[in-house]
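Below is one structure, written out as structure tokens, with a few remarks after it.
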């Protein structure tokens, strides 16, 4: 086998391994788009209603959170299948909320927890978006 054939064969093996690795073990592709304005209610110690403004690009979600008193912060998360997981920071200062919700059409339901060890049910309805 000459040197050119060896290099070509090696490149083919590398490409095949990269293709196989790219398709293995990843999270399910998003089946939903959460982009839009959501009116969200929380059970527990959080303000009873809040607004989430979300933007989804592929499986990444960014946005903002605002409660009825005007407190808010930033949201970062990911969508996998029909589930969104996000972290909200900045309510106020170093307060953090983690949430995991299932999206069904224009509604969401799931659970939340925070840095103060509170948590509970979460539900919401999309006010506008795709």
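The values are calculated or read from the model by the stated rules, or taken from the named source; none is laboratory data. Everything numeric in this text was worked out from a predicted model, so none of it was measured. All Cβ positions, even for glycine, are placed from backbone atoms using ideal geometry, and neighbour counts span all protein chains on display.
Taking the criterion of being without any contact (Cβ under 8 Å) to a residue 24 or more places away in the chain and over 14 Å from residue 42 (Cβ atoms), the residues of segment 112-129 that qualify are 115, 117.
Take the conditions surrounded by 14 or more Cβ atoms within 10 Å (Cβ to Cβ) and over 19 Å from residue 113 (Cα atoms) and apply them to residue 55. Does it pass? Yes.
Residues are listed down the side, and each one gets a yes or a no for (1) part of a helix (DSSP H, G or I); (2) at pLDDT below 85; (3) loosely packed, with under 10 Cβ neighbours inside 10 Å:
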{"position": "4", "(1), (2), (3)": "yes, yes, yes"}
{"position": "11", "(1), (2), (3)": "yes, yes, no"}
{"position": "16", "(1), (2), (3)": "yes, yes, no"}
{"position": "20", "(1), (2), (3)": "yes, yes, yes"}
{"position": "29", "(1), (2), (3)": "no, yes, no"}
{"position": "51", "(1), (2), (3)": "no, no, no"}
{"position": "62", "(1), (2), (3)": "no, no, no"}
{"position": "74", "(1), (2), (3)": "no, no, no"}
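Could you check how many residues of segment 76-89 are closer than 18 Å to residue 120 by Cα and either modelled with pLDDT under 90 or not in a strand (DSSP E or B) (or both)? Of the residues in segment 76-89, 2 are closer than 18 Å to residue 120 by Cα and either modelled with pLDDT under 90 or not in a strand (DSSP E or B) (or both).
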